[in-house]
Amino acid sequence: MKAVMYGAGNIGRGFIGQRFFLSGYETTFIDVNADVVNAINAAGKYPIYVTRGTQYVPEWVENVSAVNGRDEAAVVETIADADILATALGVNILPFVAPLIAGAILTRKEKSGKPLNILICENMIGSNEYLHGLVEPHIPAESKAWFEQNVGFVCVSVGRTVPPTPAEFKEKYALAACAEPYSELPVDAAGFRPVGCEMPPIKELVPFSPFAFFIERKLLIHNMGHALMAYLAYLKGYGYIFEAATDGEIKYILTRALLESARALAKRHGAPLDDTMQFVEDLMVRFENKLLVDSLDRVGRDPKRKLSSGDRLVGAFKMVREQGGVPAHIAVGIAAGYLFDYAGDPAAVEITDYVKENGLEKALEKYSDITDADDIKMIRTFYDMLKNRAPFADFVEVLAGMKNTH
């Protein structure tokens with residue numbers, strides 16, 4: 001069996017590539033980083049240092065090769081011959097690879113006519129519709145019916161945390177990755193083609209339909225909590241997520257923000273609240289993992305996306321409002337995001353400069369599509385408190401007042 005992993009970054013190597021190997025696939029990575037491609041082809045394997053208890057345990061991924069993403073002919077042929085394709089490139093890169101994926105699909109149609117399912121491992125609600133919309137225009141009219149019946153665009157909820165690899169492991173093995181033990185891989189069962197086909201034999205694959213709950217659980221609970229911690233911890237001068245997770249004041253805000261989102265999500269989807277709360281409890285433990293040296297600049301990077309209307313923080317905020325709740329603790333995270341002025345991140349600099357020049361209200365409208373007067377007032381309250389370094393006791397009092405008046 002042949003698998004293709006489009007993207008040899010942290011998720012590609014540190015999670016999906018390992019799933020393929022453990023499931024018996026011969027895996028080919030596609031990446032534009034020539035050093036990574038050459039290293040994969042030279043070694044044919046790499047280690048993932050999995051955090052187990054207080055130790056890193058190396059788990060080897062073997063039977064791998066790589067193709068340079070700039071070699072378009074090789075990319076097309078590799079995908080055309082695959083049994084399964086996965087992407088972990090980042091949403092911004094998908095428009096650039098869509099023509100190549102389309103070319104591979106057409107080549108496959110002529111060579112074998114076999115169906116192809118694409119596991120889309122991107123942090124985006126509606127990633128299946130998005131990638132389909134990028135690929136479909138490159139399919140000629142006479143092939144569209146076959147394309148719709150035989151090419152599956154499958155949403156994946158990537159829950160495993162794969163931070164940058166510690167230098168000590170990189171020095172020993174250039175391809176080394178570091179990851180937490182969590183390895184469940186929920187996928188949208190309705191995305192596979194042809195309709196009614198057997199699921200691919202991938203270890204810990206969890207097919208589920210309707211899938212929106214899983215995608216939103218990852219984005220609006222897991223990613224929301226991650227970003228909230230990053231932005232609050234940045235204001236306190238921390239460098240890593242585990243430091244935020246073990247700071248009592250941040251943890252107070254985080255815990256209640258997770259509960260706000262979890263209750264609203266369970267209500268929106270009619271899901272068991274107890275199961276959603278169990279996910280939150282497990283997540284809190286995972287956040288505290290000191291061996292996952294996950295930096296705040298990585299987790300907080302690109303606030304233009306992370307503060308956008310449907311994304312983690314604002315998406316969760318609006319969902320809680322929609323379900324009749326008060327997203328006060330999530331609002332603290334949004335306020336902190338608008339104070340994230342990390343100099344190494346152009347998006348962070350753009351947003352914080354815009355606030356200075358135009359005010360928070362206009363920034364909330366521009367970047368987060370937040371225009372409701374009450375929502376703006378709530379976020380501004382915490383923005384001013386964070387900016388003025390108000391005592392934590394004041395936050396507790398204000399938060400309690402917001403909850404008690406609803």
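The values are calculated or read from the model by the stated rules, or taken from the named source; none is laboratory data. Not measured: the values here are computed from a predicted model. All Cβ positions, glycine included, derive from the backbone under ideal geometry; neighbour counts span all protein chains shown.
Exactly one residue out of Ala98, Ala86, Ala141, Ala104 is crowded, with 21+ Cβ neighbours inside 10 Å, out of contact with any Cys (no Cβ under 7 Å at 6 or more places or on another chain) and of a type in the set (Gly, Ala, Ser): that is Ala104.
Gln55 meets all of the listed conditions (1) within 24 Å of the chain's Cα centre (by Cα); (2) surrounded by fewer than 22 Cβ atoms within 10 Å (Cβ to Cβ) but one, namely (1). Filtered by the rule that a residue be surrounded by 21 or more Cβ atoms within 10 Å (Cβ to Cβ) and not β-branched (Val, Ile, Thr), the range 107-127 gives Arg108, Leu116, Asn117, Leu119, Cys121, Glu122, Ser127.
Within the set Tyr182, Tyr130, the sole residue that is part of a loop (DSSP other than H, G, I, E, B), outside the structural domain of Arg286 (by TED's automatic domain parsing), hydroxyl-bearing (Ser, Thr, Tyr) and surrounded by fewer than 20 Cβ atoms within 10 Å (Cβ to Cβ) turns out to be Tyr182. Exactly one residue out of Ala39, Ala73 is assigned to a helix (DSSP H, G or I), surrounded by fewer than 16 Cβ atoms within 10 Å (Cβ to Cβ) and in the same structural domain as Phe96 (by TED's automatic domain parsing), and it is Ala73.
Of the helices (runs of 4 or more DSSP H) lying entirely inside the range 260-378, those containing at least 1 residues that are assigned by TED's automatic domain parsing to the domain that holds Asp247, touching a strand residue (DSSP E or B) at 6+ places or on another chain (Cβ under 9 Å) and under 19 Å from Leu235 (Cα atoms) span 296-300.
Selection over the range 60-83 of residues that are more than 26 Å from the chain's Cα centre (by Cα) and small (Gly, Ala, Ser) gives a count of 3.
Listed here are the residues, each with its yes/no results for (1) exposed (fewer than 15 other Cβ atoms within 10 Å of the Cβ); (2) touching a residue at least 40 places away in the same chain (Cβ under 8 Å); (3) closer than 21 Å to Ala230 by Cβ; (4) charged (D, E, K, R).
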residue: Val314; (1), (2), (3), (4): no, yes, yes, no
residue: Phe317; (1), (2), (3), (4): no, yes, yes, no
residue: Ala331; (1), (2), (3), (4): no, yes, yes, no
residue: Ile334; (1), (2), (3), (4): no, yes, yes, no
residue: Asp369; (1), (2), (3), (4): yes, yes, no, yes
residue: Ile376; (1), (2), (3), (4): no, no, no, no
residue: Phe392; (1), (2), (3), (4): yes, yes, yes, no
residue: Val396; (1), (2), (3), (4): yes, yes, no, no
residue: Asn404; (1), (2), (3), (4): yes, no, no, no
